[in-house]
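Here's the structure we're looking at; comments come further down.
Values in this text are rule-based calculations from the coordinates and carry no lab data. The structure presented is a predicted model; accordingly, all values stated were derived computationally and were not measured. Cβ placement follows ideal geometry from the backbone for every residue including glycine, while neighbour counts extend to all protein chains displayed.
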Amino acid sequence: MQDGEPSLFDDLSPSLAPAASPAEKRDAAPPKPAEAPQPLDPARDYLAYILGGTEAFRHVPLDADFDCMATIIDSGERERCKEAMKMVAKIARLLLIALERSDVKRDDPPALPPAAA
């Protein structure tokens, strides 16, 4: 019998067909599901946000009229904006401290900050 030609068993019911070899069964088996992808290191996401924000800040000159900017913000939004800017300053300060430390090496495992009280 040549490849592509019908065999004697093509028209038979599956119960009459010869049993498949172990290799044929293995090849016909559905593929095993791939391992679930590992979650990304959240530090990388956080760093991307920080650096993206830093790039946005670079467009603002140090001699910009910050008093004028404050007057543009609606008085009802000022408290929320103040809290947001305090958080930005705190995050920037913490990353700056880490960047200035000489004992932090790339191969160090990520350390989680202490839980807020």
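Worth a mention:
- When you count the other C-beta atoms within 10 angstrom of each residue and take the mean per peptide, 61-72, 76-87 line up highest first as 76-87, 61-72.
- Using θ = phi - 60° and Karplus 6.51 cos²θ - 1.76 cosθ + 1.60, couplings along segment 73-90 (whole Hz; Gly, Pro as x): 6, 4, 4, x, 9, 4, 5, 4, 5, 4, 5, 5, 5, 5, 5, 4, 5, 5
- A simple spin-label model places pseudo-atoms 7 Å from Cα toward Cβ; at THR54 and ARG106 they are separated by 1.6 nm.
- Spherically averaged projected area in nm², based on the convex hull that wraps the Cα atoms of segment 37-108: 7.4
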